[in-house]
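Everything below concerns the one structure shown next.
The values are calculated or read from the model by the stated rules, or taken from the named source; none is laboratory data. These figures come from a predicted structure and were not determined experimentally. With ideal geometry, Cβ positions are generated from the backbone for all residues, glycine too; neighbour counts draw on all protein chains shown.
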Amino acid sequence: MYDLNDKYISIDGNSTRYREAGTGPVLVLVHGIAGFLEEWEPAMETLSKHFRVVALDLLGHGLSDKPEADYSLDFLTNFLKKFIKTITDSSIYLAGHSLGGAICLNFAINFPGMVKRLILVNSIFVKIPLFIRLASFSFLKNFKLKTSKLMTKASVKQNFYKKESVSEEWLDKACTLTFPERPGLCSR
């Protein structure tokens, strides 16, 4: 069995509860909305055999402080960055569940040098820019394919939570940013 003692650190004057177990590369576990670090206990016991596993209560959750704040994705991502910088100087493995997955994804996009690997568990995705999703398929650069703007729009609207954010201007920008070396990728 591993140590289940709570630890507390202050981040921007807010008390933040966490637990850690094991030694080795750092793996940070981030819970979902209305969650708390105990959700990770079964995983911590197993993972602590190979990692220094750290689970925390996000601000506004569990036994961490609940300050008056804008609990936006960016706010929680920056809070997570400060927490990680407090516990380690090395790059980390990062796992998130549900809202925690969205926070971890936003973290990896904004601070890629801090993350060795990203693990998402039943995560919500609200902030993956189209050009990042498409750019991950590097082999596509070898194909000279064109797609219609109508097909692109239909595909994107099917995958976006806020469908109203897909405007004509956004589609033009997405086509340009996705493959800047191949202007006109999306035909009219």
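Observations, loosely collected:
- Among the candidates T23, T46, residue that is loosely packed, with under 13 Cβ neighbours inside 10 Å, of a type outside the set (D, E), more than 17 Å from the chain's Cα centre (by Cα) and part of a loop (DSSP other than H, G, I, E, B): T23
- When L59 is tested against the conditions (1) part of a loop (DSSP other than H, G, I, E, B); (2) surrounded by fewer than 21 Cβ atoms within 10 Å (Cβ to Cβ), the lone failure is (2).
- Per the conditions (1) crowded, with 21+ Cβ neighbours inside 10 Å; (2) outside any strand (DSSP E or B); (3) not hydroxyl-bearing (S, T, Y), the sole criterion not satisfied by A95 is (2).
- Residues considered: E20, E68, E41. Of these, the only one that is in the same structural domain as K116 (by TED's automatic domain parsing), within 21 Å of N122 (Cα to Cα) and among the acidic types (D, E) is E41.
- Residues of segment 62-80 satisfying the condition of being surrounded by 15 or more Cβ atoms within 10 Å (Cβ to Cβ) and touching a helix residue (DSSP H, G or I) at 6+ places or on another chain (Cβ under 7 Å): G62, L73, L76, T77, L80
- Applying a threshold of 9 Å to beta carbon distances and a minimum spacing of six or more residues, or different chains, the list of pairs starting in segment 96-109 at a residue that is at positive phi and ending at one that is in a strand (DSSP E or B) reads S98/V121.
Yes or no, residue by residue, for (1) over 10 Å from the mean Cα position of the chain (by Cα); (2) at pLDDT 95 or above; (3) under 19 Å from I11 (Cα atoms):
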| position | (1), (2), (3) |
| --- | --- |
| V30 | no, yes, yes |
| Y71 | yes, no, yes |
| K81 | yes, yes, yes |
| N110 | no, no, no |
| F125 | no, no, no |
| I128 | no, no, no |
